[in-house]
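Presented below is the structure to which this report refers.
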Amino acid sequence: MILTGTHLAEGIYDITFDWPVFFSQLFGFAVIVWFFAKYVVPPVKRIMNNAQDQIRRQLEESEAAAERLAAAKAAYDNAVAEAQAELERMREEARADAERIILQMREAAAAEVERVRKQGRDQILQYRRQMIRDLEADLAAAMLALTEEKVREQLGSPQQRADSIDKFLEDLEALANSGEARKQPQTERK
């Protein structure tokens, strides 16, 4: 064993300090650090800065998205409130329209009932008039038949015929005299 450095401990553990190895390792470590600082750290920094920028942008986008979400939620809540108000307004209008339609239907039904009543009354009057005409015609026919029968009975003998003719002529003469009496007062008045 070659001892070129300081002896630190003896025994089971033989620890020695070798200065040329230490400096060579220190130089190698410095070269590795320089190499890392020169060629590895800048790209890693760039990558980290890009990642940080990307994370910052994502955070900003997330905050903007959260703000947009809050604005959209507020707009949604506002739209829901407006829709509720519009729905309530439409319900009120529908109720008013329904009440107006019911009122119009009642008025139309009342007018139709009155029209049907009037038509029924008119039809009843028409049936009554027709019935009166029919009854008058039937009565006139019955009276004519009865009168004809009585006249036949009365004119059955020649004496009765002569009496009827005399009575008819007297009625005509009375009628003619009463017509002259009517004309004379009218000429006196002029």
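The values are calculated or read from the model by the stated rules, or taken from the named source; none is laboratory data. Worth saying up front: this structure is predicted, and the values here are computed from it rather than measured. Note: areas computed on protein heavy atoms with side chains; ligands, DNA, RNA excluded. Shrake-Rupley method; radii C 1.70, N 1.55, O 1.52, S 1.80 Å.
So here's what we get for this one:
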{"read-out": "Dimensionless Rg over Rh [the range 70-125; C-alpha; Kirkwood]", "value": "1.57"}
{"read-out": "0 to 90° range, to nearest 10: angle between helix 19-35 axis and the chain longest Cα axis", "value": "30"}
{"read-out": "Accessible area of the range 56-160 belonging to carbon and sulfur atoms, whole % at 1.4 Å probe", "value": "59"}
{"read-out": "Derived scalar couplings ³J(HN,Hα) [the range 127-136; Karplus, 6.51 cos²θ - 1.76 cosθ + 1.60; whole Hz; x for Gly, Pro]", "value": "4, 5, 4, 5, 5, 4, 4, 5, 5, 4"}
{"read-out": "Å² per residue, accessible surface of the range 38-157 at 1.4 Å", "value": "89"}
{"read-out": "Rg over Rh, two decimals, the range 1-146 (C-alpha only, Kirkwood Rh)", "value": "1.98"}
{"read-out": "For the range 61-183, the Rg and Dmax computed from alpha carbons only, in angstrom", "value": "44.8, 140"}
{"read-out": "Amide H within-cut-off set for ASP18, under 5 Å, with H built and near neighbours excluded", "value": "none"}
